[in-house]
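Report on the following structure.
Read-outs: derived from the displayed coordinates by stated rules, not from any lab. If you're wondering where the values come from, they're calculated on a predicted model, not measured in any experiment. Please note: Cβ atoms are built from the backbone with ideal geometry, for glycine as well, and neighbour counts cover all protein chains shown.
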Amino acid sequence: MDTPHTERRHVPDRRAAATRGVQTTAWTSTLDWVAMALMIIGGLNWGLVGLFDFDLVAFLFGDQSLVSRVIYMAVGLASVYSLYLGSKMAGTQA
């Protein structure tokens with residue numbers, strides 16, 4: 001017997017089987033995005049320090065001023081948080 005061409009055999013079932021065991025919810029929160037932005041800022045700053053010996057944060061806010069130290073601490077905390085986020089994401093993949 002010929003199957004009608006309009007019939008799609010078990011497409012939803014195959015899609016459900018392909019994603020079984022994997023969380024499909026969004027994992028990024030506002031804190032995740034803020035941490036990522038701070039890490040990008042820190043990475044660009046370290047790139048400038050390495051390439052041109054130019055510290056952009058110190059140039060903009062003063063060398064070892066309160067504001068620049070707060071920015072450095074925020075970038076450091078963001079990197080520590082990203083370690084936690086990476087371990088959380090790795091735990092959901094198994």
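Maximal additional length on extending the V70-L44 stretch stands at 7.7 nm, based on 0.36 nm per residue less the C-alpha distance. With viscosity set to 0.692 mPa s and temperature to 37 °C, compute the Stokes-Einstein D of the stretch 25-93, Rh being the Kirkwood radius across alpha carbon pairs; µm²/s, no decimals. After rounding, the answer is 249 µm²/s.
For L77, neighbours were defined as the other residues whose beta-carbon sits under 15 Å from its Cβ, and their charges (Lys and Arg +1, Asp and Glu -1) total 0.
Once the C-beta distance of L51 and S79 is scaled by a Förster radius of 22 Å, the resulting FRET efficiency is 0.60 to the nearest 0.05.
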